[in-house]
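What follows is one structure encoded as structure tokens, with my remarks underneath.
What follows is calculated from the coordinates using simple rules that are stated; it is not laboratory data. Everything numeric here is computed off the predicted structure, so don't read it as measured data. Note that we place each Cβ from the backbone using ideal geometry, even for glycine, and neighbour counts take in every protein chain shown.
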Amino acid sequence: MDLDAIDRKIIARLQGDLPLISRPFAGLAQDLGLEEDEVVRRIQALAAGRVMRRFGATLRHQRSGFASNVMVAWRVPAQRAREVGARLAAFRNVSHCYWREPCEGFSYNLFSMVHGRDDAECRSLVEVMALQAQAEEFELLFSVEELKKTSMRYFDQEGEIHEG
């Protein structure tokens, strides 16, 4: 799917927070000089074309009772990476799961972010995950401090590629 200038401007505005009003796309449409139904149609096309995966709320997990998170670095044979990754990703406490090429001196190739109410819950969840995924080799990398957490911005408000 090729994006035109209007699609990029819509995406630029959807990268941030939607206003908490009954018709959030009406203001967006007015801002762009479009009809609301055209904006909705374009958003639906972006979703159908898999340019946009979803709309979702960003939960500040520390404020909602999930004060602990741990990045788990897993070492699995490359031929099992997709299978094990799918099993790990299926856990509801997992927010991210990536397969990456290992680097020299660090042979882990799967990474999952696990969220829990405390460190003990995270450890317990990882043990269950390891058993179910048949992945015994892993390291726990607990977060110490959140230094930055934002959504990626791909386009500026004019629909141009966002630089920096």
*Cα point-scatterer Debye curve for the chain, base-10 log of I(q)/I(0) at q = 0.21 Å⁻¹*: -1.22
*What number, in percent, do you get for the relative contact order of the chain if the mean sequence gap of Cα pairs under 8 Å and at least 6 apart is divided by its residue count?*
30 percent
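When only C-alpha pairs under 8 Å and at least 6 residues apart count, what is the relative contact order of segment 68-125, in percent?
Working: 93 pairs, mean separation 26.7, N = 58.
Relative contact order for segment 68-125 comes out at 46 percent.
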*Rounded, prolate or oblate (a/c below 1.5 giving rounded, otherwise prolate when a/b exceeds b/c) for segment 61-142 by Cα gyration tensor*: prolate
_Can you compute the modelled spin-label distance between PHE142 and CYS103, with each label point 7 Å from Cα toward Cβ, in nm?_
2.5 nm
*If each of MET52 and ARG153 carries a label point 7 Å out from its Cα toward its Cβ, how far apart are those two points in nm?*
1.8 nm
*Determine the principal axes of the Cα atoms in segment 5-48, then give the extent along each, sorted from largest to smallest and rounded to whole angstroms.*
24, 20, 18
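Around ALA47, what is the net charge, scoring Lys/Arg as +1 and Asp/Glu as -1 over all other residues with Cβ under 13 Å from its Cβ? Show your work: numbers first, answer last.
Working: positive: ARG41, ARG42, ARG50, ARG53, ARG54; negative: ASP7.
Here the charged neighbours net out to +4.
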